[in-house]
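What follows is a single structure, written as structure tokens, with notes after it.
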RNA sequence: GGGCGCAUAGCUCAGCUGGUUAGAGCACCAGCCUUACAAGCUGGGGGUCUCAAGUUCGACUCUUGAUGCGCCCACCA
């Protein structure tokens, strides 16, 4: 074995082996209990980033763990057709050829999309495989595949026939760059400093020049769409004008002055221009007052033909400047002030959203959410961390209708047909040959496609054969156990999946929802392309190996928080992987007992018993942490045991045994075998490589791969309990204390020393460890009456004092250290004394606490005494 | 405006239902190539747990408030 673990030699080898053995395939005819995780489908356009890396590592940990526990696991992978993102990519490539999608036509364009997705899509899938993701890749699903498309149509038609899907002319969030509507959940807000302009609208039939209403607006360019001016009905200033008319400048259209309590008198001028087609509040007011709504922007967000010719075709920002200039010329601009407000932007294009009146399809959500709310409240659906429950409930309880149509070409075309003969429309699961209502053959399908999320929200069952009941899959694998994803899509995907699962199959699609950490740099900033602060997972996998990357990600990811990571963290992960490698290298380089005996046939020494107990504790901890979705704590437990216990103590102990018996004890092989099983979910490659080289231990099963080996179970692991074990703890404490003394006295490692110990005497067998592990040639055991050696160095600990007279020290530094000790111990002692002298404490504290404090006082007193004696001996 | 969360060592974090001398990794300092690993070994220094008040015999832990930071939702002519 090489001294440094080289991941390049093993990762591909084992990956190919696992795939070839078919370990990851989920069999719905199995009699084993199912354990299912749905992989959140990445966009086909995606490249692997650290968020995917963490998310899929966590999923893989649970999947591998449950597989080793004997479940029939199904980790269902797939990709999302990402309507907008893909269409943007393909349009860009067309642009490079100097062509446009309009030129190409719908059919040709869609063909291009398919070509593109075959060529460039699914790169992310091979990237996920580099990570070691043990999903059932044969089940790879795609939201545009024929079977998933079938599910989309089926559900659409069901909801349509229930009357939950309707078409309406409503105000929607319009993305002018992509020229499509987007849903509320695809809009983000940004606070900015803008301006608030005051514009005079002269009164029709005015008595004087001053007879005008001054409106305040942040968007003068929308004035072409004004259809009223509103004031608050209780505003004394404007009461007289209600019911009168003003003249819209630049257009010279008459607008009614209306009263609406929405208008705040104290804001701006107290006069509000009403533009129903381009503002959500104005739209509501317009509805209340039956005002016409005038759409003034075309699909691209340019001013349309309904505005005065000189403004036509202008962009929104150009129009704003032009309008202001024109108003200034007419002397109608009454002022401008700075104004802080938040503006809506599109998630996808990052363009300013234009609220715009248009014909869209909507899904009535309100009738669908009751059960989704109930299951969360009753704990049938749990969130980790549970604080997300509130966010989830708040959204559902204030649910808005979902705008599901998009003016794109790439996606599921809305399965609604309009009959040119009878003018009616209807929805159908398969392309109809005749109108459902009149039998006419002249029909046209709706031009729009569905929101991408309308296919993703069916993911939990559309991937399992619905609606073609390959019932076995659906019955066996629905619902899944846990959804592992990012909290940023709690509304877009998680909550909607719950709704869909309940609506279509009668129960929620998963029991637990685990939200991963957000990946940030060390300054707490999200990884982002523009900042360039991200770490490319593939780059670090190349450099450090998949196991190191997996372990690092997971150990830095607290439940629900933000995981801060830098490149150095991955180097540390790699060190840990290498540590395990070398622990195994040591073991495998030594002669093992042949054949390895079962633990029951050997008599483990006390230190071995301690190691075995510690291993069992670790198994228990790992189980506990995984149950609680605390992968970071699991990583910590593994790290502590492997580095701090197995290597630091176990290997050192084994070395001394090697000297006397010429063999490593069987328990070390036993522990290593169990350990590899334990780490396999998080470090699958290195654990497999070592395990395959490890001689089979009779106490463990021995299948062809660790992937399908049994996971350690704490309740069947050997446990030891004896007085000797308690004494071993004292031995370890003494060893550490003596090492400290040696370090303080600058005694080289090779030099054997003599120490005096005031403590309960160790038996000869235990005392030998002081020799082996602390370089002690001889021990003088002091009783309470013996004088303490002087001059000497002392190290005090819980229940013992160790002295050495081998002194080669810096007296000044040593004195400082002792004074420090003295100060520390004095402070502690006075704290304990204060408590014990407090009658209220003695009266109220439980007996055990009281007893502990009394003992601590004694111990501190004796330790303080020792330090003082020593200090004197050094001559102060 | 509403909601959620966080504040512990230089950095990243752990610390369960209040009760041993508040822990770990990284970084730092000292000494070691001790025959698995220098990507290593053995030690060491470093925190009055953001602040204030309260409850309690006892508060890092519970309550209230303040300050700072992060996130989400709604909305502002």
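May I ask you to compute the full-extension gain from residue A:138 to residue A:420, defined as 0.36 nm times their residue separation minus their alpha-carbon distance, rounded to one decimal in nm? Please list the in-between numbers first.
Details: separation 282, 0.36 × 282 = 101.52 nm, distance 4.43 nm.
Roughly 97.1 nm would be gained on extension.
Roughly speaking, what is the centre-to-centre gap between the stretch A:318-353 and the stretch A:586-616 when only Cα atoms are used, to the nearest Å?
With the stretch A:318-353 and the stretch A:586-616 each reduced to a Cα centre, they are spaced 78 Å.
What angle, in degrees between 0 and 90 and rounded to the nearest 10, separates the Cα long axis of helix A:764-774 from the longest principal axis of the Cα atoms of chain A?
60 degrees
Per 0.36 nm of contour for each residue apart, how much would the distance between residue A:393 and residue A:533 grow if the chain were fully extended, relative to their Cα-Cα spacing?
The residue A:393-residue A:533 span can extend by a further 47.0 nm.
For residue A:95 and residue A:526, what is the calculated FRET efficiency with R₀ set at 25 Å and r taken between the beta-carbons, to the nearest 0.05?
Numbers: r = 30 Å, r/R0 = 1.20.
That gives a FRET efficiency of 0.25.
Can you give me the C-alpha center-to-center distance between the stretch A:222-288 and the stretch A:59-93, rounded to a whole angstrom?
Centre-to-centre (Cα) distance: 51 Å.
Assuming 0.36 nm per residue, please report the length gained on full extension of the stretch residue A:20 to residue A:811 beyond their Cα-Cα distance.
Extra length available between residue A:20 and residue A:811 comes to 278.0 nm.
For the peptides A:546-558, A:38-50, A:247-259, A:669-681, what is the packing order when you average, over each peptide's residues, the other Cβ atoms within 10 Å and list the highest mean first?
Per-residue mean Cβ counts within 10 Å order the peptides as A:546-558, A:669-681, A:38-50, A:247-259.
Evaluate the distance, in nm, between pseudo-label points positioned 7 Å from the Cα of residue A:771 and of residue A:617 along their respective Cα→Cβ axes.
Computed distance between label sites residue A:771 and residue A:617 equals 2.8 nm.
Apply 1/(1 + (r/R0)^6) to the Cβ-Cβ distance of residue A:29 and residue A:287, taking R0 = 60 Å, and write down the FRET efficiency to the nearest 0.05.
With a Förster radius of 60 Å, E is 0.60.
Go ahead and collect, in residue order, the members of the stretch A:82-126 whose backbone nitrogen is under 19 Å from a label point 7 Å along the Cα-Cβ direction of residue A:431.
A:105-115
Could you grab the relative contact order for the stretch A:170-255? Cα pairs under 8 Å, six or more apart, rounded to a whole percent. Kindly include the intermediate steps, with their values, before the conclusion.
Numbers: 85 pairs, mean separation 20.5, N = 86.
Reported relative contact order: 24 percent.
Sort largest first and round to whole Å: the equivalent ellipsoid semi-axes of the stretch A:628-750, each the square root of five times a Cα gyration tensor eigenvalue.
30, 18, 16
If I fit a long axis through the Cα atoms of helix A:11-21 and take the longest principal axis of the Cα atoms of chain A, what angle between them do I get, 0 to 90°, rounded to 10?
80 degrees
Binning every alpha carbon pair distance of the stretch A:430-541 at 10 Å from zero, what are the percents per bin?
That works out to 11, 27, 23, 23, 10, 4, 1, in percent per bin.
Would you mind pulling out the separation of the Cα centroids of the stretch A:473-527 and the stretch A:397-464, in Å?
26 Å
Give me the one-decimal Kirkwood hydrodynamic radius in Å for chain A, with the sum taken over alpha-carbon pairs.
33.4 Å
Quick one: A:123, A:738, A:535, fewest Cβ neighbours within 10 Å first, how do they rank? Could the numbers behind the result be given before it?
Details: A:123 14, A:738 23, A:535 20.
Going from sparsest to densest Cβ surroundings: A:123, A:535, A:738.
For the stretch A:824-876, go through all pairs of different Cα atoms, get the mean of 1/r, take its inverse, and jot down that Kirkwood value in Å. It would help to have the intermediate numbers written out before the result.
Working: mean 1/r = 0.0829 Å⁻¹.
For the stretch A:824-876, the Kirkwood estimate is 12.1 Å.
With the crude spin-label approximation of a point 7 Å out along Cα→Cβ, what separation in nm comes out for residue A:836 versus residue A:788?
1.8 nm
In Å and from the alpha-carbon atoms only, list the Rg and Dmax of the stretch A:113-172.
17.4, 49
In what sequence do A:387, A:455 fall when counting other Cβ within 10 Å, fewest first?
Going from sparsest to densest Cβ surroundings: A:387, A:455.
Let's test the formula: R0 of 51 Å, r as the Cβ-Cβ distance of residue A:204 and residue A:352. What FRET efficiency results, to the nearest 0.05? Can you show the working numbers first?
Working: r = 34 Å, r/R0 = 0.66.
Using R0 = 51 Å, I get an efficiency of 0.90.
Kindly put A:448, A:16 in sequence by how many other C-beta atoms sit within 10 Å of each C-beta, fewest to most. Write out the running numbers ahead of the final one.
On the way: A:448 23, A:16 10.
Listed from fewest to most nearby Cβ atoms, that is A:16, A:448.
Using every pair of alpha-carbon atoms in the stretch A:748-788, split the distances into 10 Å bins beginning at 0 and state the percent of pairs per bin, rounded to integers.
For the stretch A:748-788, the pair-distance distribution reads 28, 51, 20, 1.
Readers should treat all values here as calculations from the given coordinates under stated rules, not as data from a laboratory. All of these numbers come straight from a predicted model, not from anything done at the bench. Note that we place each Cβ from the backbone using ideal geometry, even for glycine, and neighbour counts take in every protein chain shown.
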